[in-house]
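What follows is a short report on a single structure.
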Amino acid sequence: MEEKRTSVFENSLIWFGAAVSIAEIVTGTYFAPLGFGKGLLAVLLGHVIGCIMLFLAGLIGGKVRKSAMETVKMSFGQKGALLFTALNVLQLVGWTAIMIYDGALAVGGIFPVADWIWCLVIGALIIVWILVGIKNLGKINVVAIGALFVLTILLSFIIFGEGGAPVIGSDELSFGAAVELSVAMPLSWLPLISDYTREAGEPVKATAASTVTYGIVSCWMYVIGMGAAIFTGESDIARIMVKAGLGVAGLIIIVFSTVTTTFLDAYSAGISSESLSAKINGKWAAVIVTLIGILGALFLPLGDITDFLYFIGSVFAPMIAIQIADFFILRSEADTGDVQWVNLIIWVIGFILYRLLMRIDIVVGNTLPDMVITALLCIVAARVQKKK
């Protein structure tokens, strides 16, 4: 029986749902001190950098038909990749908790019921999405994403139709730091995208469509958040919806945007867990991750995610730089032994370099220079090894 493959359109829907996110809107509010023109430039520049990396990461998995964490084995070895698998599962559990927390908090601003109730409702819907399965979500996603599309347009008109004078926050944010915050969101999807492009019937087209769709919609979400903070002086999206009379519509936007985004985090955590042990069932591991996420949303302080975003960048930017250099430049496609020590050492250097670059204000952020230097180190090391 021929395996069912996802279409380009289905992949685009998945990544539209990933981008429509309260977390992205909230991150956009941080850009207000730059003003709209400069803030928009930072958003666009950061997303161009992040989405190029996202495309290359997805293309690797699509071409070799392997999940994101399986492709990591090609550069770091069978056992060396376990480090990144564990870190990826950890960050995905963190994202699941953050998204449920943000969703429940925002919905609570519209319908003031206890936050724990909304955490359970959102968590239950995510589990439904997981149990239906990635290959059977086509019609459900069309309906959910269609509703989100219409309501998000409505939200945009409300924010940018206010006509008030721009309100600039007092906290300072450099342009380079803003670019880095813009890069951070597409970068957070790097260890996930291959989990979906590997299932695509046309991997190159599906990866391109997924990346472009995500990039455009993610920029849109950032701009909504930034516009809300600048033109309405309000960074709480729930309050804006209440003021605009978007009661039920606001509820739909928040709940379904949270579900469609967080589903990808939980699902990929399950897929990544399969790389840790052949005995693990990805679907049920994803359900367990969602349950842990609900508990995290209920009991952990998850108000500020900037440090979390920088941690993701410092781990996965040098990792994907090495993978890109290995696959596209050095043409290495085979799993090479238990541990690729040279690449692992280069990753450690890249990780430390990222943390050091965070102290320097670079106009393009610190992800791009970190990845370029890490990739060059990987290429040089491979050439030296080849000569020996």
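What follows is calculated from the coordinates using simple rules that are stated; it is not laboratory data. Being a predicted model, the structure only gives us computed values, none of them experimental. Cβ coordinates were reconstructed from backbone atoms using ideal geometry, including for glycine residues, and neighbour counts include every protein chain displayed.
One table, with the values for the structure above:
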{"item": "Around Ile346: net Lys/Arg minus Asp/Glu count, Cβ-Cβ under 14 Å", "result": "-1"}
{"item": "Residue among Val248, Ala124, Leu105 farthest towards the positive dipole end of the stretch 8-305, charges placed on Cβ", "result": "Ala124"}
{"item": "By average C-beta atoms within 10 angstrom, highest first, the peptides 294-300, 345-351", "result": "345-351, 294-300"}
{"item": "Cα-Cα over 32 Å, subset of Lys79/Lys386; Lys63/Lys387; Lys38/Lys283; Lys283/Lys386", "result": "Lys38/Lys283; Lys283/Lys386"}
{"item": "Under the span-like rule (Cα at least 27 Å along the axis, Kyte-Doolittle mean at least 0.5), DSSP H helices of the chain", "result": "36-64, 81-110, 138-160, 203-231, 247-276, 367-387"}
{"item": "Cα gyration tensor shape for the stretch 294-382, rounded if a/c is under 1.5, else prolate or oblate", "result": "oblate"}
{"item": "Residues with amide H under 5 Å from that of Ala200, placed H, sequence gap 5 or more", "result": "Thr6"}
